[in-house]
Amino acid sequence: MSALSMEEHGVVPDVIDKAPPVFLEVAYNNNVMVEGGNELTPKKVKDEPIVRWPAEDDSYYLLIMTDPDAPSRKDPKFREWHHWLVGNIPGNNISEGDTLSEYIGAGPPKNTGLHRYVLLVYKQPGKIRFDEKKLTNRSGYGRGDFSIRKFAKKYKLGHPIAGNLFQAQWDTYVPILYKQLEG
């Protein structure tokens, strides 16, 4: 993935000011790979992916997956709706980080076209004490009107060091996801 794909898909300037210099490797089950804007189905991205970047063992990182197109790209009044947020990740070990928002796969509403799902990694200046409420994957509450730009500024994260994105539109899995979010 190049800076061009982040710019070509409008992630710069909709989500971030500057494209990350490094490709973020994102793999879902059955070797479904995120490739700089490719289209994937909500069913294929329903489970948490494996994410890799060139990490330093003695550093902490923050990972986010965000949708700037909520409820649609033409009317992004809930920009951004974040799907996953994990901070204080030691090196590349996401499972040992502090999960602020549990993973929720893509769930674009019916008839809203393609949504961009942007995954970014920031190198933290050190371990951070986050004051955000922890969110489960059983509710969509607290996920809309998010801004990774403001969040990064609040915690002095600078620009993302790695990134990738895919696109998705409604499929028959989305109603199942919505049912999960009701409970």
Looking at (1) in contact (Cβ under 8 Å) with a residue 24 or more places away in the chain; (2) assigned to a loop (DSSP other than H, G, I, E, B), which is the one condition that is false for Arg129?
(1)
Every residue from segment 116-128 that is buried (at least 17 other Cβ atoms within 10 Å of the Cβ) and not polar (S, T, N, Q)
Arg116, Tyr117, Val118, Leu119, Leu120, Val121, Tyr122, Lys123
For segment 45-69, which positions are surrounded by fewer than 18 Cβ atoms within 10 Å (Cβ to Cβ) and out of contact with any Asp or Glu (no Cβ under 9 Å at 6 or more places or on another chain)?
Asp47, Pro54, Glu56, Asp57, Asp58, Ser59
Let me confirm something: among Gly113, Gly144, Gly87, which residue is surrounded by 19 or more Cβ atoms within 10 Å (Cβ to Cβ) and touching a residue at least 40 places away in the same chain (Cβ under 8 Å)?
Gly87
Can Ile104 be described as more than 15 Å from Lys44 (Cα to Cα) and assigned to a loop (DSSP other than H, G, I, E, B)?
no
Which one of these does Trp81 not meet: (1) touching a residue at least 12 places away in the same chain (Cβ under 8 Å); (2) out of contact with any Lys or Arg (no Cβ under 7 Å at 6 or more places or on another chain)?
(2)
Mind listing whichever residues of segment 70-80 are buried (at least 19 other Cβ atoms within 10 Å of the Cβ) and over 18 Å from Pro160 (Cα atoms)?
Ala70, Arg73, Arg79
Those residues of segment 50-65 that are touching a residue at least 60 places away in the same chain (Cβ under 8 Å) and within 13 Å of the chain's Cα centre (by Cα) come to a total of 3
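Read the figures in this text as sums done on the coordinates, not as results from a lab. The structure presented is a predicted model; accordingly, all values stated were derived computationally and were not measured. Neighbour counts run over all protein chains shown; Cβ positions are idealised from the backbone, glycine included.
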